[in-house]
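Data first, discussion second: the structure below is written as structure tokens.
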Number of protein chains: 2
Amino acid sequence: MCPRPASTSLNLDGETLLCQIRLLGEIGVEPDQDGRTRIALTDADKAGRDQLLRWMDALGLEVKIDRIGNIFGTLRAADDQQAPLMIGSHIDSVANAGALDGCYGVLAGLAVLRAYREAGLSPSRPITVAAFTNEEGVRYQPDMMGSLVYAGGLDVETALNAVGTDGTRLGEELARIGYAGDLEPGAQVPHEYLELHIEQGPILEAEGLQIGVVENLQGISWQQVTVKGSANHAGTTPMHLRHDAGWVASSVISQLREIAVDGTLATAGCMRFEPNLINVIPRKATFTVDLRDPDEARLQAAERRLAQLVARIADAEGVEIQSAQWVRFQPVVFDAGLADAIEASASRLGLSHRRMTSGAGHDAQMIARIAPAAMIFVPSQDGVSHNPREHTGDDLLLSGAEVLLDVVRHRLAQP
Amino acid sequence: MCPRPASTSLNLDGETLLCQIRLLGEIGVEPDQDGRTRIALTDADKAGRDQLLRWMDALGLEVKIDRIGNIFGTLRAADDQQAPLMIGSHIDSVANAGALDGCYGVLAGLAVLRAYREAGLSPSRPITVAAFTNEEGVRYQPDMMGSLVYAGGLDVETALNAVGTDGTRLGEELARIGYAGDLEPGAQVPHEYLELHIEQGPILEAEGLQIGVVENLQGISWQQVTVKGSANHAGTTPMHLRHDAGWVASSVISQLREIAVDGTLATAGCMRFEPNLINVIPRKATFTVDLRDPDEARLQAAERRLAQLVARIADAEGVEIQSAQWVRFQPVVFDAGLADAIEASASRLGLSHRRMTSGAGHDAQMIARIAPAAMIFVPSQDGVSHNPREHTGDDLLLSGAEVLLDVVRHRLAQP
């Protein structure tokens, strides 16, 4: 084998990027599932992290891990005093997930650094690739936790004390898998932040576009609603004498479309009846509502409509309803200059594009609290995500990475 | 201690009856629950059965157990060739149950036999107290299984092969707890059948009555409905592009009151979303529908309305819906002569009463296939059953048992 000749310009090694996406996607695949499951701080997440660290080491990056387990791989610059340009996302997953959500952005960040390495160039300021802990929030609340802690929005001790759906404490699991670092979260504020991600929605595909220039991000409101009625025999209790928690929960969910007007999204993803027996009127029903809107006033209006609906039904049915806010993030407006730079790169590369809103939450929204940030999207086939059918064609994946590399090159004023 | 003097007439020993109800109700009480859990063929059910057998032995009854585990305790008659008058119910329970559902009827049957024993009288035909297996149907389907098999409505081999919600086979569990008898089910057809039970509904209490003369019983239709939609990201999928299985299931449930017109009852007791994650549109939702009506034509009409509703929503939402019938029993009309006899006894004893329909299913409806049958109800406080708050005052419990004894006395033409 002969070493590759050093190039004098920055070129994307697309083959390595696609290969790393595939290899990372093989970690956490279970025998009975199509998808992979690397829920934060499980053994599978550790295996994914270990793989990422091996690739960071192979690139000769300076690797640091902070107290919440965020991983940073930095390519040092000629002038090491400057704040880094950060490229980030996450490698944890939901259950039975696709291979792209999060991983694509982290590995495309490595591809940018690989381009610098292979060109034999030092960047004009450090470039850091970040993989943030527990973006998905499946096991520990809130989601986007690592970037939230990094941006100072959540105290690290509080995060370490988070108790998971399985009763575990986050800090103990983090130590168990060997990723409780000693770096203080947020010790280094990035100069600016870029995140490349699949859209996880149908818009780019529907419009036949290659690149999304993400200029803002929806606000998110997560509530858990608990309805307490009265259990009773299904065969003997007249319909008008019931206090049926299951019927109340179902009625609220069936009316969520009236809550979700003017573009607000409303989803009931979780539902549970108790005692959950075929011939017993449910005593208790618990469900979740996920509301999203890019406009804070509209999001608040949807929250008010939901509260009014819940109160009206509770009153009419003689049940008790409690709502608990699990997550509440205001809409985020990304840095306009950075979005302009992404748009300019897409144009320069001859890629079709549009400016758009992110429907999903991303680590970028947390980092936007402390530094200029923006995102690049590529299309998701059928708009599918959080599902083994999540897919984006190789050409589109490489186009997104080319845009990322081009933006970095121009931000750092390099060839 | 001196032996009690033999009485020449039949008198109810109310104290022993109430005491036995309390003692049987203590079996299966778990530390963290108010109620007791003696689900069919569990260790707790075995403990309840063992207690019942000890009481049957103490009364000197001839005890037999059939192949499906039904327990029969018989007081022999002077003329042993005659078919027995049978008094029956069940001692299995739902999870976290009250102490009366089923047990009251079986123990009141023992109280009738105790009255004969203490009076030193032989009945003019044998009297059998029956405790039927798996009336509740919590673990193994269908419910009322023991009496259904006894009445020839279900093959005993099929019943023994029933697979439980926990994956166990009924026949193995029956043998494990030592209640796989050798009597062929239905070997002895009763002359007639009486069942005393709490109402499990609010009617008698609401009308301030002491005794219900149950002349018929609702038909029951149990279905499991499975909705298959598409999982997708809650934050990126526009409302009009969703195939939300959870929303569809909730919408059907919220419209069950339009299915349940003209007195039909409709209940959704079980519900499950998959993947059941807050930010994922449900791919699949499964729920149950319990429909009841004393009129077969009305019950069928409700089933048709439900099927139409489900088909209409499935079509509009682009989801696939499958319905599986779990249980289907036609309404039962009890023996009018036996109901007249119950009414006459209530009148004779000066107890307020009304003729009524049973909303719940009972073993009596199965035995009605092979012998004249009818039921006696006492009020349920607040109409509550299948719940630790299930309650009937002692006076009412004793009134019901007095009616049962009086009916037996008159059917057997004894003092």
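Screening the candidates B:148, B:183, B:204 for the property of being in the same structural domain as residue B:374 (by TED's automatic domain parsing), under 30 Å from residue B:297 (Cα atoms) and touching a strand residue (DSSP E or B) at 6+ places or on another chain (Cβ under 7 Å) yields one hit, B:204. Note on the range A:340-363: among residues that are away from chain B (no Cβ under 14 Å) and hydrophobic (A, V, I, L, M, F, W, C), the one that is nearest to the chain's Cα centre (by Cα) is A:342.
Closer than 18 Å to residue A:100 by Cβ, among the aliphatic types (A, V, I, L, M) and crowded, with 24+ Cβ neighbours inside 10 Å: does that describe residue A:384? So residue A:384 fails the test. Filtering B:125, B:139, B:114 for residues that are basic (Lys, Arg) and outside any loop (DSSP other than H, G, I, E, B) leaves a single hit, B:114.
With respect to the stated conditions, residue B:285 fails to be within 17 Å of residue A:239 (Cα to Cα) and not aromatic (Phe, Trp, Tyr).
Residue B:92 - would you say it is of a type in the set (D, E, K, R), surrounded by fewer than 16 Cβ atoms within 10 Å (Cβ to Cβ) and either assigned by TED's automatic domain parsing to the domain that holds residue B:405 or in contact with a strand residue (DSSP E or B) (Cβ under 6 Å, 6 or more places away or on another chain) (or both)? No, not satisfied. Does residue B:383 satisfy the criteria of being closer than 21 Å to residue B:209 by Cα, in contact with a Pro (Cβ under 6 Å, 6 or more places away or on another chain) and within 14 Å of chain A (Cβ to nearest Cβ)? It is true that residue B:383 is closer than 21 Å to residue B:209 by Cα, in contact with a Pro (Cβ under 6 Å, 6 or more places away or on another chain) and within 14 Å of chain A (Cβ to nearest Cβ). For the range A:291-301, check the following and say yes or no: at least one residue is at pLDDT 95 or above, under 30 Å from residue B:198 (Cβ atoms) and buried (at least 22 other Cβ atoms within 10 Å of the Cβ). Looking for residues that are at pLDDT 95 or above, under 30 Å from residue B:198 (Cβ atoms) and buried (at least 22 other Cβ atoms within 10 Å of the Cβ), one finds none in the range A:291-301, hence no.
Of the residues making up the range B:291-311, not a single one is assigned by TED's automatic domain parsing to the domain that holds residue B:239, β-branched (Val, Ile, Thr) and touching a Leu at 6+ places or on another chain (Cβ under 8 Å). Taken over the range A:134-163, residues that are within 16 Å of residue B:278 (Cβ to Cβ) and either free of Cβ contacts under 8 Å to residues at least 40 places away in the same chain or basic (Lys, Arg) (or both) amount to 2.
Taking residue B:67 as the residue in question, decide whether it is within 14 Å of chain A (Cβ to nearest Cβ), in contact with a helix residue (DSSP H, G or I) (Cβ under 9 Å, 6 or more places away or on another chain) and basic (Lys, Arg). So residue B:67 does not fit the description; no.
Of all residues in the range A:68-82, those satisfying the criterion of being under 30 Å from residue A:141 (Cα atoms) and assigned to a loop (DSSP other than H, G, I, E, B) are A:68, A:69, A:70.
When the range A:80-117 is filtered for residues that are among the charged types (D, E, K, R) and within 20 Å of the chain's Cα centre (by Cα), the ones remaining, listed by number, are A:92, A:101.
Residue by residue, here is whether (1) modelled with pLDDT of 95 or more; (2) closer than 29 Å to residue A:33 by Cα; (3) surrounded by 24 or more Cβ atoms within 10 Å (Cβ to Cβ) holds:
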| residue | (1), (2), (3) |
| --- | --- |
| A:330 | no, no, no |
| A:346 | yes, no, yes |
| A:367 | yes, no, yes |
| A:391 | yes, yes, no |
| A:400 | yes, yes, yes |
| A:414 | no, no, no |
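Applying the criterion of being more than 9 Å from every other protein chain (Cβ to nearest Cβ) and charged (D, E, K, R) to the residues of the range B:267-299, the residue that is farthest from residue B:320 (Cα to Cα) is B:295. Residue B:163 falls short on exactly one of the conditions (1) buried (at least 23 other Cβ atoms within 10 Å of the Cβ); (2) more than 14 Å from chain A (Cβ to nearest Cβ); (3) β-branched (Val, Ile, Thr), and that condition is (1). Name the single residue, out of those in the range A:310-336 being touching a Ser or Thr at 6+ places or on another chain (Cβ under 9 Å) and outside any strand (DSSP E or B), that is farthest from the other protein chains (Cβ to nearest Cβ). Taking the candidates together, the pick is A:334.
Residue check: residue A:103 meets all listed conditions (1) away from chain B (no Cβ under 14 Å); (2) at pLDDT below 95; (3) within 21 Å of residue B:277 (Cα to Cα) but one, namely (2). Candidates are the residues of the range B:185-221 that are more than 22 Å from residue B:390 (Cβ to Cβ) and either without any contact (Cβ under 8 Å) to a residue 40 or more places away in the chain or within 14 Å of chain A (Cβ to nearest Cβ) (or both); the one that is surrounded by the fewest Cβ atoms within 10 Å (Cβ to Cβ) is B:216. So which residues in the range A:127-143 are at pLDDT below 95 and of a type in the set (A, V, I, L, M)? Selection gives A:138 alone. The single residue among A:76, A:36 that is of a type outside the set (Phe, Trp, Tyr) and either touching a Gly at 6+ places or on another chain (Cβ under 8 Å) or within 14 Å of another protein chain (Cβ to nearest Cβ) (or both) turns out to be A:36.
Scanning the range A:250-266 for residues that are over 27 Å from the mean Cα position of the chain (by Cα) and within 7 Å of chain B (Cβ to nearest Cβ) yields A:250, A:251, A:254. Looking across the range B:226-249, the residues that are within 7 Å of chain A (Cβ to nearest Cβ) and either in a loop (DSSP other than H, G, I, E, B) or crowded, with 20+ Cβ neighbours inside 10 Å (or both) come down to B:231, B:232, B:233, B:234, B:235, B:236, B:237, B:246, B:247. Note on the range A:146-223: enclosed helices (runs of 4 or more DSSP H) holding 2 or more residues that are modelled with pLDDT of 95 or more and closer than 10 Å to residue A:68 by Cβ are A:156-160, A:170-176. For residue B:122, the stated conditions hold: it is modelled with pLDDT under 95 and either at positive phi or not hydrophobic (A, V, I, L, M, F, W, C) (or both). Taking residue A:79 as the residue in question, decide whether it is more than 26 Å from residue A:396 (Cβ to Cβ) and of a type in the set (Asp, Glu). Considered against the rule, which asks whether it is more than 26 Å from residue A:396 (Cβ to Cβ) and of a type in the set (Asp, Glu), residue A:79 comes out as yes.
The residues of the range A:370-396 that are of a type in the set (A, V, I, L, M) and farther than 27 Å from residue A:331 by Cα amount to a single one, A:396.
This table checks each residue for (1) closer than 25 Å to residue B:33 by Cα; (2) in contact (Cβ under 8 Å) with a residue 60 or more places away in the chain; (3) not hydroxyl-bearing (Ser, Thr, Tyr).
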residue	(1), (2), (3)
A:244	yes, yes, yes
A:260	no, no, yes
A:267	no, no, no
A:276	yes, no, yes
A:279	yes, no, yes
A:284	yes, no, yes
A:288	no, yes, no
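The values are calculated or read from the model by the stated rules, or taken from the named source; none is laboratory data. As the structure is a prediction and not an experimental result, all values here were calculated from the model. Backbone-built Cβ (ideal geometry, glycine too); neighbour counts: all protein chains shown.
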